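Here the structure is laid out as structure tokens; the discussion comes afterwards.
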Amino acid sequence: MGRVLSRLIAPVWQPTAKALRGWALASVIANAVIISTGAAVRLSSSGLGCPDWPTCTKSSAVAAHSVGQTTLNTWIEFGNRLLNFPLVAIAGLTFIACLRYYQTHGRARKDLVWLSAVLPLGVIAQAVVGGIVVLTRLNPALVAAHFLLSAAIILTSGVVLHARAAVLTETGLAAAAAGSPAPPPVRADLRVLAGVLTGVTALMLAAGTVVTGTGPLAGTTSDSHGHRTTVPRFHFSLESVTQLHADIGWFIAALAVAVVIGLRFAGGSPRTVRLGWIVLAGLGLQGVIGYVQYFNHLPAGLVWVHVSTAVILWIFVLQLYLSTGTGLPRSARRAVPGDDQAAGEPVAAPPPIKTTIL
């Protein structure tokens, strides 16, 4: 029993680089899932299925029937709230694992601790913003901020953490300490181009929230008599903001084509080239879904697919950009113990160089 318990605790209390990579991946998946379910809450008009916060209703802390809302609406929103518990657990365990790795491996990877700290703090911030969204009756600006906070901060931190943990897994800190060269980055101009692609993709996500907050799927609310009314929306022309969103998409596609061609003929690593093709294919799929949903008057199910695939695309765009660099921050290239070394054991100093004075 003790041996089983020890094996269960080890990935958190005595983590290896591989364990850190697993925790980071779990955080990325958990955040992507809750963003997707959050979109389902909005698009199914379940945003006030539980009209109070942090409880569901004034008389019930769990899912209970709300005036003007169906049972399905209530459970869609309440289910999204329940997902915060495993999300907090995964974020907290990821932070503890990174902190323990920092403490037991020469205190050389403080960057992992900071990145992992963003995860639980971000989830707490999201819970607060989500409560304000409910109390302000689905204010569109706050709903947009709720989505972007997850995508731009929490999810991004998880992806960066996973990328750096992956470098530890592949090269090992011992190799870095021994002076082994880090994987070479791609050409500077292509890295800049990949960075521009990442920035414009973030802009497209923001534009997408404006489109949703302007269109017919902004959500509904109910009064005390059960009469459903549309929640406040952005006062923009739906056609104009949709056109802007599409124009940004075409610009991103052109950037992606340039990045893929550059990587293909300028010596990008196989993984980086593969990520470039995945991003390009994902953009093509997003474009098809976007035009189909628009010309079919925005069916909620198809819009949800569009939002969910946009989250996945954002993950791959971040991975593409990160793969164009070395992956190791400067602080990780100094002499530090690797995973194969006992926790707390000092690094053996190199033998002194003997000189002879003639």
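If R0 is 25 Å, what FRET efficiency do you get for GLN103 and THR136 from their C-beta distance, rounded to 0.05?
Efficiency at R0 = 25 Å is approximately 0.05.
Starting from the Cα-Cα distance between LEU72 and LEU238, subtract it from 0.36 nm times their residue separation and give me the gain in nm to one decimal.
56.9 nm
Please give the FRET efficiency for ALA64 paired with VAL192, using the beta carbon to beta carbon distance and R0 = 56 Å, rounded to the nearest 0.05.
Working: r = 53 Å, r/R0 = 0.95.
Efficiency computed from Cβ-Cβ geometry: 0.55.
Could you work out how much longer the chain between TYR291 and ARG3 gets when fully extended? Use 0.36 nm per residue separation minus the Cα distance between them, nm to one decimal.
Taking TYR291 through ARG3 to full extension adds about 98.1 nm, to one decimal.
Using only Cα atoms, locate the centre of the range 249-266 and the centre of the range 41-84, then give the distance between them in Å, rounded to an integer.
43 Å
Would you kindly give the portion of the calculated P(r) for the range 254-321 that falls above 16 Å, as a percent of all Cα pairs?
Percentage above 16 Å: 49.
All of the numbers you see were taken from the coordinates with simple rules; none came from a lab. Source: prediction; values computed, not measured. Note that each Cβ is placed from the backbone with ideal geometry, even for glycine, and that neighbours are counted across all protein chains shown.
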